[in-house]
Each structure stands twice: as C-alpha cells, then as structure tokens.
Amino acid sequence: SDYQQIGHNLRINIFQGGPLKSRSLMKDSYTPDVFQKSVIDPRHWHGRTINEIGKWYEKYFLDLNVQKAMKEKY
C-alpha cells in the first residue's frame, strides 16, 4: 500500500531534507565585483530616509498605545 511505501522510503532515507548549502538567485546572477562595488548608504534606504521610517514607526506605536489605552478604559 501507499502507507507502507512511504514507511519504506523513510527507513532507507530517500527523503534527506533540504540542501546543506543554500543558493541565491541574486548571487548567481551577478559577478562578485558587483557586490564589492556596491555602497550602502544608511541615510538613504530604498528611497526612504531613516528619519521617515522612524517617524512612521513612532506614529504606529503611538497609535497602538492609544488603542490599548482605549481598550483598558472602556
């Protein structure tokens, strides 16, 4: 039966799991010099500055705190 076939495959270790070394499409697509030449600018992150992201999180957590306070009050 199918159940016995699965048990047989597990006993002989056909299903060995995932690969030990992971591969990345980005690293496979570009040569190593691309990564060496790249410059990471912490002030400009994907078109948004850290200040904008910080302000968004500040508003988000302020909103969460207001919602918690409203639930506790009412």
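Just so you know, all these numbers are worked out from the coordinates, no wet-lab data involved. Note that the structure is predicted; figures quoted are calculated from it, not measured. Every residue, glycine among them, receives a Cβ derived from its backbone with ideal geometry; neighbour counts consider all protein chains shown.
Here is how the numbers come out for the structure above:
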| quantity | calculated |
| --- | --- |
| Nitroxide proxy distance, nm - points 7 Å out along Cα→Cβ at Ile53 and Tyr30 | 1.7 nm |
| Residues Asp41 and Lys21, FRET efficiency given R0 of 30 Å [Cβ-Cβ distance, rounded to 0.05] | 0.45 |
